[in-house]
Amino acid sequence: MCLAMSRLVTNTGPLAKGIEGLETFLEMTVSVILPTYNRSASLVAAINSVLLQSHADFEVIVVDDGSAEDIASVVAAFNDERLRYVAHCRNSGAAAARNTGLGHAKGEFIAFQDSDDLWLPGKLDRQIKLMSSAPVGTGAVIGAKILYGRDSSRTYGPGRVDYAPSPYGCLLDCDDQLDRLLTENRVSLQNGLFRRNCLPDMRWFDVCAKANEDWDFAIRLAQHTRIHEDIEPVVLGFVSSDSISRNKRKEAIGILRILKKNRAVLSRRQKQKSLMLIHVGRYFYSVGKHRRAAQFIAEAVRIYPKSLGVLAMSFMRKLGWRKI
């Protein structure tokens, strides 16, 4: 396993202003981590949407994940002392880039931005206020995003819009939140604000996961802290042609890794495990590996017979679609 190498470049700012500036730098309220890979065209707008927040006490750590493009010049052109630039020597993936950003973060709270999305005005201010008024033990506040390029049926294409996660079924403070998040991931990193100590260490993300890093993170998060969900949108998201969410193979591999990492937890939650097995089985069926699909479906039904109802409903929806 290769450890991501990095170098740190900052504009003249806190580190160049002596001890007084350093003390201010170490007391940042929020560290915003923004990983990017060859997305200089959308990066300027993504950074601007953070710099223009009404809550201005933050640092932005741009982690260049081995881009061929000149990301350093894009960052330097802002000439804003709140911006910091970190570069990987080679592409290591979004999880590794976020972990690198966490290693440099100084803030009491952590937030994430993607290089092709936009924060809505007031995101930080709203979520900091929600965090301060949330029940004791709350380590994360999450919101929603308006997503362009996909609709609620997960059909992709121009002109399609979704509100994600759906406001129906909002995660409640009194819920068994781990149980809920094993069934459905409602945590999207850009939508959230997290206490620095919400997890026991600062390597929050699985660098071996090829997809579903958000879901893997959410499952671990729910085992260490409480999560407060607010249904108001705080992000404009854009589904790009290279989005991992459109890669069903990587998504299935990601679920298999979640199944492997959470065996103990899932051994007490057969329904959730069954749903994950069905999801993987559907993928194998869709690519023509019917015997492999049957193995996953059979295991899902064996451990949770009621999952037959899920399969029947899915089958009926397909029949209804074909009749239209």
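Since every read-out is calculated from the coordinates, none of them should be taken as a lab result. Computed from a predicted model, the values in this text were never measured in an experiment. Backbone-built Cβ (ideal geometry, glycine too); neighbour counts: all protein chains shown.
Observations on the structure shown:
- 0 to 90° range, to nearest 10: angle between helix 307-323 axis and the chain longest Cα axis: 90
- Length added when fully stretched, residue 292-residue 80, from 0.36 nm per residue minus Cα-Cα: 71.0 nm
- Under the Karplus curve 6.51 cos²θ - 1.76 cosθ + 1.60, θ = phi - 60°, whole-Hz ³J(HN,Hα) for segment 55-68, x wherever Gly or Pro sits: 7, 9, 8, 7, 10, 10, 9, 8, 9, 7, 8, x, 5, 7
- Unsatisfied cross-links (Cα-Cα over 21 Å) in the set 250/271; 273/306; 248/289; 210/248; 250/289; 123/145: 250/271
- With the charge dipole of segment 73-117 set up from +1 on Lys and Arg Cβ and -1 on Asp and Glu Cβ about the Cα centre, the Cα lying farthest toward the positive end among the listed residues 109, 79, 96 is that of 96.
- Taking 0.36 nm per residue of sequence separation and removing the Cα-Cα distance, the residue 54/residue 89 pair yields an extension gain of 9.2 nm.
- Scoring 184-195, 202-213 by mean Cβ neighbours within 10 Å over their residues and listing the highest first yields 184-195, 202-213.
- Working ranking of peptides 230-240, 59-69 by packing, defined as the average number of other Cβ atoms within 10 Å per residue, highest first, is 59-69, 230-240.
- Mean separation of Cα contacts under 8 Å, 6 or more apart, over the residue count of segment 19-155: relative contact order %: 34
- Label-point separation, residue 170 to residue 153 (7 Å along Cα→Cβ), nm: 2.8
- Bridge type composition, the chain - antiparallel percent by DSSP, nearest 5: 40
- Assigned charges on the beta-carbon of Lys, Arg, Asp, Glu; the chain dipole about Cα centre (debye): 2320
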